[in-house]
Amino acid sequence: MKRFTKMVYKKPEEMVFGRAKFPVSQRWNMQFGAGYVVPEVKVAPVEGSEGSKEKMIAECRNIAQSACERAVGIGLPAFMLEQEHVSQQTNNPEWAAETTRVQAEILEKYYDEYGIRVSLRQTPADIRIEERGPGLRGSDYDNKIEESMEACAANGASDLCIETMGGKALSDYGIARGDIRAILFGIGVLGSIDMEYMWKRIVNICKKYDCRPGGDTDCSQANTAMFIAGGLLDKDVSHTVAALARGMGAARSLVAVECGAVGPLKDCGYENPIIKAISGVPIAMEGKNAVCAHSDLMGNLVCGVTDVWSNESVYHRQEMGGTTPEVWLQATGYEASLMNTALQTGQEEVLRDLYTLTDKYRDPQALVLAYDNAHRIGEAIVKYGKDTYLRSRAAAIEAGKIINEAVDANKMYLTRFERDSLDNALKILEDLPVDKDQFIDECIRSYSRKVPDFNPKNYDL
Amino acid sequence: MKRFTKMVYKKPEEMVFGRAKFPVSQRWNMQFGAGYVVPEVKVAPVEGSEGSKEKMIAECRNIAQSACERAVGIGLPAFMLEQEHVSQQTNNPEWAAETTRVQAEILEKYYDEYGIRVSLRQTPADIRIEERGPGLRGSDYDNKIEESMEACAANGASDLCIETMGGKALSDYGIARGDIRAILFGIGVLGSIDMEYMWKRIVNICKKYDCRPGGDTDCSQANTAMFIAGGLLDKDVSHTVAALARGMGAARSLVAVECGAVGPLKDCGYENPIIKAISGVPIAMEGKNAVCAHSDLMGNLVCGVTDVWSNESVYHRQEMGGTTPEVWLQATGYEASLMNTALQTGQEEVLRDLYTLTDKYRDPQALVLAYDNAHRIGEAIVKYGKDTYLRSRAAAIEAGKIINEAVDANKMYLTRFERDSLDNALKILEDLPVDKDQFIDECIRSYSRKVPDFNPKNYDL
Amino acid sequence: MNYIEELESKLDQDFIAVRYNVELEGPAITPENDPDVQTILPKEEPYRSIARAVLRGDTEEAVSKVKEGLKSGETPMDVINNGLMKGMDAVNELYTKGFYFLPDLMLSGDSMMEGLKESEKALGHKSETKGTVVSFVAEGDPHDIGKNLVVMFLRANGYDAIDLGRDVPNEEVIKAVKEYKPIFMTGTALMTTTMTAFPKVVEELEKNGLEVPAIGCGGGSVRKDFVESFPMSVYGVEAYHAPKLADSILKDKKTWKDIRKEYSQIVGEFVPEYD
Amino acid sequence: MNYIEELESKLDQDFIAVRYNVELEGPAITPENDPDVQTILPKEEPYRSIARAVLRGDTEEAVSKVKEGLKSGETPMDVINNGLMKGMDAVNELYTKGFYFLPDLMLSGDSMMEGLKESEKALGHKSETKGTVVSFVAEGDPHDIGKNLVVMFLRANGYDAIDLGRDVPNEEVIKAVKEYKPIFMTGTALMTTTMTAFPKVVEELEKNGLEVPAIGCGGGSVRKDFVESFPMSVYGVEAYHAPKLADSILKDKKTWKDIRKEYSQIVGEFVPEYD
Ligand SMILES: [Zn+2]
Ligand SMILES: [Zn+2]
Ligand SMILES: [Zn+2]
């Protein structure tokens, strides 16, 4: 398999929102990374809609219809609708087929009538359960994912994504304990192995249809760290450790691209700026217009180099300003408009830098994702590009270095907890073996008992 | 009474967000228009909380507490909380006193503990009913408003606002029928008269306390036009007529400043850029982070010269990302951060212009509020500054002129409905008498029968 | 050229904001030349002139043609049904098609109402309508433009809308329902804290053994999930839906439960839905 | 200096973002020097060493000191209650004060649990706990970190948390409630479409005549208004609240209705509320 050992972007300043070295084209006249930013909306099916296929179809239809109406009502030139599947949709591939078809029909109708550029992203759920035999590979669950992917591709999805959960048992264990070795093993090694298993299949499915392999994001691991880390005054996960986890997440999620995913890489993926720097594929991001879903500490910064701008997720219900598909598409649509104005007027670099500086020193997690630092982490990854373990470790170490430099320059201030956990993590990372197999052996020995859900067989180990 | 006959801002380019010619200081180390933009959050009390004083106090406490927690959790240097009162709070001044006190206590606690700059805006409801004797003046309702204002000022409000409803019967009638004369009479003449009546009293109350007179916005008239005008494909109110109504709204809302209001002028007031151009007072605005409340066609443009950035209103409930006071303060807080970064780095003019160009030609309503055009409308107003009728008329005519120039330059495109209704409105406006009394006489004659709720006595006419 | 103008000169607006309303506009029409309008407008005078005056929203002309007609011996009911109402039918047709806009409809409605008053003067009593509807603004709420639009849309479609005004105490609503026996009622509210009047009204109706579909709507904070969380009520999305809902009750005998389920079909267009 | 660095050099960060966590940090402490910890830690050996090992999260040391103690004749129950649990009490104290963080607590919890296993080996059966709690992740939901945290917080506070795992069929929850008779149960979910398991579980409990407070919480989409729309359930805000809720049920005999009303007082801190 192709591995990235060189940077596609030679310099960080070349990166900017709305432009990617390798733009992607889809049906319905849609391009990504081709000079304009596309807003995205995503709405979680309401509680109860999982009760029957008919309800779920109605739910998906209403979400698509509302989004389209608002898009033309406010004059958006383009937008993307993503539907993240609930388990019932993936467990029943005929649900996936029909919900995709109904959304594709609506989007196509608006494309025909208004000429609006549209895109339909479908994201089946990773319904595998590691501790249940036969585990991640070849189980019924696993087969249903593949069937659902194909059902989406065959019924009008513009692209396919997934958030694979490989390695989550380990990373969860490590995140709760600040155990950087477990996190590295979970994200960098196990996550990468599982992605390769999953993504080769997805890419093959897409080849059969007019459907692109989108991307995978480390939602279940690095985002879990960010979510639990919370705000400045929370006392759960260290924000410096979360920053290192994000670096590893980039090394992991890069695997989708190496398997053939072309982007826009899936949002949730706060690691995507790093992957864009390495690979040149367009990316989706979420931030200040995803406050409906979660609080981050980098809502503006992550606009810096994105190609799709998402709201992450929201309840399907009514606001004073309309239903949530309407309201949140307007929110992301207006931010994308601002970025597009900057692109059109040649001011994109100023706006990118303003976005970036707004959050660069708000939190260490933000700092490492500023596009210049993201590029540095990318360089650390490609240096060890052929070894998923070493490159994940290098990403984390580089992230730590970036934080320490900012601290030394009196730009970044850390609490003692953040300081101590970073020092501790860096020391451990630097002392780790340089041989992947040795690292894996040690980890299997350490964690097999401590993390009962973990089973090396799930990763061919 | 002082009337504006000269522009405080001589040139439009001098205007920018976060800076006003006449900054305002409040307790808790808060300044407005002094070089930074302050985010605002506003949450509507939940249904049922109007049932008892205890419930309303709990509701107001929870809103304030949630907002404060999120503010420090994401590192906001400053924020404003506004509570728009429900009728029960205004009808029962002791409710107003206690809800204000509980919110002031919470804000002060966070100010003391974290040093965060905070501001508490209280906005009693205009509970007067024009058609019920004795009408707008001297009724029980009217007296309760005054008592509630004083209760707020005495119990910790940083400033007071209101959205007066004078003239609404006429403007509603005119908006539904595209009758520009009725709209002009309702907003420009009656609205201005009623504001003067109300605002002299508010300013007097504020003098007794450490509390500022904030401002008044034409929510009940020009905003009604915008709300009913809706999106691009709605077929209710002409967007060009709504643009003219907004111009008149500026001439009307200026009266608060002439009575002594010092700002930040109340949001909802999409007319505020015009008033800032004339008077130099700081303003509050809402736009792309008010999608929870309504859809406008100028979500970015209205950031251009604002000093406070608001979400307008939202249900009090839970999102995935937290309760709405948390979520929506984060939304406005992050946008304000971007503006503040631009101010700090000397890029405020670029960002202002990007905001402006994003929406300038999205809709005629947006066009007339672009800061350069807002300044032009301001100039038209001060030219007839001493005559509230003539200046409102001039504002509308200038707005029409701005639209027509953009059309002639092939920058703005109108539908036939927008085109015809604008031509028709401008013709009527130009043919109107130049004498205020004559205009009033004619209007009283025309509308007294057609608009049964209208009673000239309410305006001392 | 200053800075913003320089930036502006570089913009390709197609990537920023598209005015779909302008892009998609069909050819201009003259109202009376629309084929459907031609079918609706009566051929014989004075009905044709009356209907055309209504179509144009020309109140003076409408009243004068009505007077002429009455003087020349037409019955008031014929003037109403064959003249005034035909004019409104044509107006409604054009509004539905998107050629007419709210102001056209309001002005035509005004003309029709004035012509109606003239006719009723001659008739000596109120004319028969399709049915009666009671409309009110919730207690504590002073915002009435939504209710005013609903009332006009109903009247424009031949319904008798009893307008109770704004800030209406719940008891008055009950009294009006008892008195007028409406086919349904409409309540509007702008605020979360005033829409709470709706369930109280419904409860009171239930206590009085009355059942009448209640269309609750509002320009502001009223939510479907709230309105439909108690019996009898239906969430109304747009003011102009009111007559279509009325028709469905009158002609198709729809209950409030039916309307909740079939709202989108009844009004004949997409409405954003969620559960 | 490139462009972004030039911009950066002009920034006064105080107007952009304030790191209140850094600004407000108190002086550093050594855990064992904290006056409350000193009061909690036992004075005599081997309890003091055991408790200190737990406090430091040093599992090896904890297990070896437990073994030593048991060998030297201390009873397993004394080792548990006077050693291990005292260590956890100190940990909880520091966590509440904000000096300890989640990882400290998890590592100390691991140490305590290993020490406990050693003691129970000597005891020959499971030790007595304050009470039993059943914890599960809703059917269809594979996300279990929230549940894992809840379980650890409960165990760290002397409760026996029965961990049913993730994607747990509702029948298994009922079975576990019947079997373990817990003082309450916790259900977690991440998605809107899986939290619907909670009311089904409650309904099933009701059918079986069982009443047990059900704390429903989740890192993601679970809402208070949903969770508290059916009986027995309470919306849990943070994982670390679980033991405090347990204490209130055990010591203060709080019912689920009480907990709903007094949540904020019971957990001793502000929680965002709305109705
Ligand atoms: Zn995700
Ligand atoms: Zn996410
Ligand atoms: Zn308002």
field: Positions within segment A:203-235 being more than 16 Å from ligand 1 (Cβ to nearest atom), of a type outside the set (K, R) and surrounded by fewer than 24 Cβ atoms within 10 Å (Cβ to Cβ), in sequence order
entry: A:V203, A:N204, A:I205, A:C206, A:Y209, A:D210, A:G230, A:G231, A:L232, A:L233, A:D234
message: Can you go through D:E206, D:E179 and tell me which one is open to solvent by 30 Å² or more (accessible area, probe 1.4 Å) and more than 21 Å from D:I259 (Cα to Cα)?
response: D:E179
- prompt: What about A:P39, is it within 14 Å of chain B (Cβ to nearest Cβ), within 23 Å of the chain's Cα centre (by Cα) and not in a helix (DSSP H, G or I)?
  reply: yes
- request: Would you mind finding the one in D:I16, D:I50 that is among the β-branched types (V, I, T), open to solvent by less than 20 Å² (accessible area, probe 1.4 Å) and either without any contact (Cβ under 8 Å) to a residue 40 or more places away in the chain or not assigned by the TED database to the domain that holds D:P103 (or both)?
  value: D:I16
- line: When B:T356 is run through (1) more than 16 Å from B:K411 (Cβ to Cβ); (2) of a type outside the set (D, E); (3) within 14 Å of chain C (Cβ to nearest Cβ), the failure sits at (1)
Residues being touching a strand residue (DSSP E or B) at 6+ places or on another chain (Cβ under 9 Å) and basic (K, R) - total across segment B:272-319: 2
task: Would you tally the residues in segment A:320-370 being touching a strand residue (DSSP E or B) at 6+ places or on another chain (Cβ under 7 Å) and open to solvent by less than 10 Å² (accessible area, probe 1.4 Å)?
output: 10
Counted residues, segment A:124-180 - those being surrounded by 23 or more Cβ atoms within 10 Å (Cβ to Cβ), among the aliphatic types (A, V, I, L, M) and either at positive phi or out of contact with any Phe, Trp or Tyr (no Cβ under 6 Å at 6 or more places or on another chain) (or both): 12
query: open to solvent by 60 Å² or more (accessible area, probe 1.4 Å), assigned by the TED database to the domain that holds C:F136 and part of a loop (DSSP other than H, G, I, E, B), is that true of C:D252?
result: yes
task: From D:P231, D:P243, D:P199, grab the single residue that is part of a helix (DSSP H, G or I) and more than 24 Å from A:T224 (Cα to Cα).
output: D:P199
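Table: residues versus (1) more than 16 Å from ligand 3 (Cβ to nearest atom); (2) within 14 Å of chain A (Cβ to nearest Cβ); (3) touching a strand residue (DSSP E or B) at 6+ places or on another chain (Cβ under 7 Å).
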site: B:I180; (1), (2), (3): yes, no, no
site: B:I187; (1), (2), (3): no, no, no
site: B:N223; (1), (2), (3): no, yes, no
site: B:M226; (1), (2), (3): no, yes, no
site: B:A229; (1), (2), (3): no, yes, no
site: B:L233; (1), (2), (3): yes, yes, no
- prompt: Restricting the first residue to segment A:358-381 and requiring it to be free of Cβ contacts under 8 Å to residues at least 60 places away in the same chain, which pairs with a second residue that is among the polar types (S, T, N, Q) meet a Cβ separation below 8 Å and a spacing of at least six or different chains?
  reply: A:T358/A:N300; A:T358/B:S337; A:T358/B:N340; A:T358/B:T341; A:Y361/D:Q13
task: Need at least 1 residues that are touching a Leu at 6+ places or on another chain (Cβ under 7 Å) per element, so show me which helices (runs of 4 or more DSSP H) inside segment D:2-117 make the cut, counting only ones lying wholly within it.
output: D:3-10, D:20-23, D:35-40, D:47-56, D:85-97
field: Single residue of segment A:258-294 satisfying the filter (within 14 Å of chain B (Cβ to nearest Cβ), in a loop (DSSP other than H, G, I, E, B) and within 12 Å of ligand 1 (Cβ to nearest atom)) that is surrounded by the most Cβ atoms within 10 Å (Cβ to Cβ)
entry: A:C268
- prompt: If you scan segment D:157-176, which residues turn out to be part of a helix (DSSP H, G or I) and surrounded by fewer than 23 Cβ atoms within 10 Å (Cβ to Cβ)?
  reply: D:N170, D:E171, D:E172, D:I174, D:K175, D:A176
- request: Could you look through segment A:65-104, keep only residues that are of a type in the set (V, I, T), in contact with an Asp or Glu (Cβ under 9 Å, 6 or more places away or on another chain) and assigned to a helix (DSSP H, G or I), and pick out the one that is farthest from ligand 2 (Cβ to nearest atom)?
  value: A:V72
- prompt: All but one of (1) modelled with pLDDT of 95 or more; (2) under 15 Å from A:S66 (Cα atoms); (3) away from ligand 1 (no atom under 16 Å from the Cβ) hold for A:M320; which doesn't?
  reply: (1)
query: Does at least one position in segment A:336-358 carry a residue that is among the aromatic types (F, W, Y) and not in a helix (DSSP H, G or I)?
result: no
message: So, in segment C:13-30, how many residues would count as being within 9 Å of chain B (Cβ to nearest Cβ) and not polar (S, T, N, Q)?
response: 10
query: Among (1) more than 16 Å from ligand 2 (Cβ to nearest atom); (2) at pLDDT below 95; (3) more than 14 Å from chain B (Cβ to nearest Cβ), where does A:R201 come up short?
result: (2)
task: Assess whether A:V382 counts as being within 16 Å of ligand 2 (Cβ to nearest atom), modelled with pLDDT of 95 or more and farther than 24 Å from B:P77 by Cβ.
output: no
query: Is it true that some residue in segment D:117-127 is within 14 Å of chain A (Cβ to nearest Cβ), open to solvent by less than 60 Å² (accessible area, probe 1.4 Å) and not polar (S, T, N, Q)?
result: no
query: Can you name the condition, by its number, that A:V308 falls short on among (1) within 12 Å of ligand 2 (Cβ to nearest atom); (2) away from chain B (no Cβ under 12 Å); (3) not charged (D, E, K, R)?
result: (1)
- prompt: Do you know which residues across segment D:136-153 are β-branched (V, I, T) and within 10 Å of chain A (Cβ to nearest Cβ)?
  reply: D:I145
message: For the structure I just gave you, tell me whether C:D225 is under 29 Å from C:T96 (Cα atoms), in the same structural domain as C:A138 (by the TED database) and more than 20 Å from the chain's Cα centre (by Cα).
response: yes
field: Residue that is out of contact with any helix residue (DSSP H, G or I) (no Cβ under 7 Å at 6 or more places or on another chain) and of a type in the set (K, R), where the choices are A:R362, A:R376
entry: A:R362
message: Looking at A:G333 and the list (1) at the interface with chain C (Cβ under 10 Å from one of its Cβ atoms); (2) more than 20 Å from the chain's Cα centre (by Cα), which single condition is not satisfied?
response: (2)
task: Identify, by number, the condition in (1) more than 30 Å from A:R362 (Cα to Cα); (2) open to solvent by 10 Å² or more (accessible area, probe 1.4 Å); (3) touching a residue at least 24 places away in the same chain (Cβ under 8 Å); (4) not small (G, A, S) that B:M412 doesn't meet.
output: (2)
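The values are calculated or read from the model by the stated rules, or taken from the named source; none is laboratory data. These numbers come from a predicted model, not from an experiment. Here the Cβ is made from the backbone with ideal geometry for all residues, glycine too, and neighbour counts use every protein chain on show. Accessible surface is based on the protein model in full, side chains and every heavy atom, while ligands, DNA and RNA are left aside. Shrake-Rupley method; radii C 1.70, N 1.55, O 1.52, S 1.80 Å.
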